[in-house]
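What follows is one structure encoded as structure tokens, with my remarks underneath.
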Amino acid sequence: MPEPVLPTTARLLLARTARAQREGRAPSLVAGVVRDGGLAWSAGRGDLPEPHTDVQYRLGSISKTVTAVVVMRLRDQGRLGLDDPLEQHLPGTPFGDRTIGQLLSHLAGASAESPGGWWERTPGGSLDELGLGADDVVLGAARRFHYSNLGFGLLGELVARMRRTSWEDAVTTEVLAPLGMARTTPRPVAPAAEGTAVHPWADVVLPEPEHHAGVMAAAGQLWATLADLARFAAFLLGDTGDVLDPATLEEMTVPAGVDSSAPGWSAYGLGVQVLRVDGRTLVGHGGSMPGFLAGVFVDREEQVGAVSLANTTSGLDNVIPGLLTDLRAAEPRIVEPWVPAPSPVALDLLGVWFWGPSPILLRAVGGGMLHLGPLPGRTGRASRFTARDDGTWVGLDGYYAGETLRIADDHLDLGTFVFTRTPYDPEAPVPGGVDERGWGPAVGG
């Protein structure tokens, strides 16, 4: 069980939540912070039954992340590849040449919404009934980030066909049940909040419709309680159980498409949003459906997260970043102590190398990895590397992500670049060779 927050912290969090509910005029709002695998604090405001942690709200697009987890499970099981064209697994759509990875990261150029009536407010049908055509392809593949509910409807159909079951049964069996999210369901199960719209100029509300979205369910169908959403936050923080390999979850959080329309730094990985807020990177997803707003975001470095659910169509500011800021300020994380660890390579291979005339530092870092980057106080390319079984190293992030590093006694070989112990060492295999005149006060004349 997580340690509860301090009473003074609880008051700060409650004050922020209460202000958000009142100023956003949400009929009800429940929110919580997550650490150590569960809710460390939660509160409910407005008209809702108790316990507030067991009232269902609609998750909206958080359903996309659950769908993406099943797709990544299929990938890990060798059933599909992220570079596979959709036609290979789901034939007969106008997106046949777009890849699974492009659909997951909203880079497939699919239209934002499905054709026909507004899918969030009208009952849905089958994929065939959508009648997709050329007009539903609005951008070229991998040209730019374009958020697409339709794209995740297609991924939901892909999951259903490859698992030979419904999308609902697939996500329940493979994600929700193993995580203990028994109160997360495709349709509301009491106690559940009623979706409402709040009039912009008066304090009156209007009930919003609720239905099954058919093939579009994978884009926004799920309902969940605050307790269940907190469990999903713990999943995003790394408590994946037998549902997903932690390395696969890490892969999902790497930004693929950048949302250039966002006011801040905002990107999308494989089924998850990646936001940069106040110098922190948050991973998770927001959700909205007529009558509901939801959010789950975690700070994986700080190992904390926050969740929120409300039954209003619009007007409520996102309370999650503020909750995380309050928690970080009031109860800063006490990091694990530094302890000595063996170097993954010989010590004489570490230290300063040169890319041409530029000094670069190779050092050992935690987890048996290497880091290649600029000297302290300088800027430049930087990447971490992890060892392969064949003695080479592969880049994990930054400029050299996916690139192979080979270490020799007198040079480093990385993506055709050769790093030497002295600037342009004539004894090392520098591409193009080193001028025999060597270093001097002038060249030419």
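The values are calculated or read from the model by the stated rules, or taken from the named source; none is laboratory data. Computed from a prediction, not measured in an experiment: that's the story for all the values here. Cβ placement follows ideal geometry from the backbone for every residue including glycine, while neighbour counts extend to all protein chains displayed. Only protein heavy atoms, including side chains, enter the accessible area calculation; ligands, DNA and RNA are left aside. Shrake-Rupley method; radii C 1.70, N 1.55, O 1.52, S 1.80 Å.
Could you give me the ³J(HN,Hα) list for the range 75-86, computed from phi with Karplus coefficients 6.51, -1.76, 1.60 and θ = phi - 60°, whole Hz, x at Gly and Pro?
5, 5, 7, x, 7, 7, x, 5, 8, 5, x, 4
Tell me whether the range 268-328 comes out rounded, prolate or oblate; compute the Cα gyration tensor, take square roots of the eigenvalues as a ≥ b ≥ c, and use a/c under 1.5 as the rounded threshold. Write out the running numbers ahead of the final one.
Details: a/c = 2.34, a/b = 1.48, b/c = 1.58.
The shape class here is oblate.
Using Cα atoms only, what is the angle between the long axis of helix 226-236 and the major principal axis of the chain, expressed in degrees (0 to 90) to the nearest 10?
20 degrees
Take every Cα pair under 8 Å in the chain that's 6+ residues apart, average their separations, divide by the length, and report that relative contact order as a whole percent.
17 percent
Sorted by mean Cβ packing within 10 Å, highest first, what order do the peptides 399-408, 68-77 take? Mind showing how you got there, number by number?
Working: 399-408: 15.6, 68-77: 20.5.
In decreasing order of mean packing, 399-408, 68-77 become 68-77, 399-408.
Determine the shape class of the range 23-81: with a ≥ b ≥ c the square roots of the Cα gyration tensor eigenvalues, call it rounded for a/c under 1.5, and otherwise prolate if a/b is greater than b/c, oblate otherwise.
Because a/c hits 1.5 or more and a/b exceeds b/c, the range 23-81 counts as prolate.
Accessible area per residue, 1.4 Å probe, Å², for the range 173-246: what's the number?
40 Å²
Considering only protein heavy atoms and a probe of 1.4 Å, how much of the accessible area of the range 184-267 is carbon and sulfur, as a whole percent?
Summing carbon and sulfur atoms, their accessible area is 60 percent of the total for the range 184-267.
Would you indicate which of (1) 59; (2) 52; (3) 48 is the value of percent of Cα pairs over 27 Å apart derived from the coordinates of this structure?
(1)
Tell me, what % of the accessible area of the range 88-169 is carbon and sulfur with a 1.4 angstrom probe?
48 percent
Taking the Cα atoms only, what angle lies between the long axis of helix 7-23 and the longest principal axis of the chain, rounded to 10 degrees?
The angle comes out near 60 degrees.
Return the single residue from Gly322, Gly291, Gly391 with maximal mean-square fluctuation; model: Gaussian network over the chain, springs between Cα atoms under 10 Å.
Gly391
Given a 1.4 Å probe, how much area per residue of the range 247-373 is accessible, in Å²? Please list the in-between numbers first.
Numbers: 5670 Å² over 127 residues.
Accessible area per residue, the range 247-373: 45 Å².
Which one, Val298, Val137, Val30, has the greatest fluctuation when you compute a Gaussian network model over the chain with C-alpha springs under 10 angstrom?
Between Val298, Val137, Val30, it is Val137 that shows the largest mean-square fluctuation.
Arrange the peptides 350-359, 210-219 so that the one whose residues have, on average, the most other Cβ atoms within 10 Å appears first.
Details: 350-359: 15.0, 210-219: 21.9.
With the highest mean Cβ count within 10 Å placed first, the list reads 210-219, 350-359.
Rounded to whole Å and ordered largest first, report the semi-axes of the equivalent ellipsoid of the range 1-152 derived from its Cα gyration tensor (root of 5λ). Don't skip to the end; give the middle numbers.
Values: eigenvalues 309, 81, 39 Å².
Sorted largest first and rounded, they come to 39, 20, 14 Å.
Could you work out the per residue convex hull volume over the alpha carbons of the range 77-150, in cubic angstrom?
Working: hull volume 7.4 nm³, N = 74.
Value for the range 77-150: 100 Å³ per residue.
Would you mind classifying the range 100-226 by shape? Square roots of the alpha carbon gyration tensor eigenvalues, ordered a ≥ b ≥ c; an a/c under 1.5 is rounded, otherwise it is prolate if a/b is larger than b/c and oblate if not.
Oblate, because a/c is 1.5 or more while a/b does not exceed b/c.
Which length gain, in nm to one decimal place, applies between Ala329 and Ser343 when the Cα-Cα distance is subtracted from 0.36 nm times their residue separation?
Length difference between fully extended and current span is 1.6 nm.
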